[in-house]
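Just so it is clear, none of the values below were taken in a lab; they were calculated from the coordinates. Predicted model only: the values in this text are computed from it and were never measured. Methodologically, a virtual Cβ is constructed for each residue, glycine included, from the backbone with ideal geometry; neighbour enumeration extends over all protein chains shown.
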Amino acid sequence: MSHTLCDIVDDLDALLGALADPTRRRVVELLGAGPRRAGDLAAGVGVPATALSRHLQVLRSSGLVTVEPVAGDARGREYRLAPERLVAVRAWIDQVEAFWSEQLGSFKAHAERTRGRGRSRGPG
């Protein structure tokens, strides 16, 4: 499947938007340890179930979280982290880090080359 740059940027915007909220980041952290039910997540992040429901919807819309039925429980649902979605965020961070590492390396080399050019040679 081929993605345009616009698709990649929109995808990254959705992921970063979902992760912008501290409650949603905490949900992602909790799900990193394994699947959980909504009630367990609500207790883990300290928010009412109704508020958590909105956060879970944002996380599901971004693809960071999936929901599956619990075997043997017709009403039970378990939320799971989709870690492969974090690959896009990591790739973007790596790209930004590489750019700035290169820029800072170039600045350092320039500073070292020009270090003594502007100084006087001492009291005269």
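At-a-glance table
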item: Crossing angle, helix 5-19 versus the chain [Cα axis fit, 0-90 degrees, rounded to tens]; result: 70
item: Relative contact order (%) - criterion: Cα under 8 Å, at least six apart; region: the chain; result: 23
item: DSSP-loop chymotrypsin sites (Phe, Trp or Tyr not before Pro) across region 41-106, with at most 14 other Cβ within 10 angstrom; result: none
item: Net dipole in debye of the chain [+1 Lys, Arg Cβ; -1 Asp, Glu Cβ; about Cα centre; nearest 20]; result: 720
item: Gained length - Glu112 relative to Ala49, 0.36 nm times residue gap less alpha-carbon distance; result: 16.9 nm
item: Rg/Rh for the chain, where both radii come from Cα atoms and Rh is the Kirkwood radius; result: 1.31
item: 0 to 90° range, to nearest 10: angle between helix 22-32 axis and the chain longest Cα axis; result: 70
item: Extension gain, Asp94 back to Val67 (0.36 nm per residue minus Cα-Cα distance, nm); result: 6.8 nm
item: Additional length obtainable on full extension of the chain from Arg25 to Arg60, 0.36 nm per residue less Cα span; result: 11.3 nm
item: Between 0 and 90°, nearest 10: helix 49-62 axis offset from the chain longest Cα axis; result: 60
item: For a label point 7 Å along the Cα-to-beta-carbon line of Asp13, residues of region 75-107 with backbone N under 18 Å; result: 88-89, 92-93
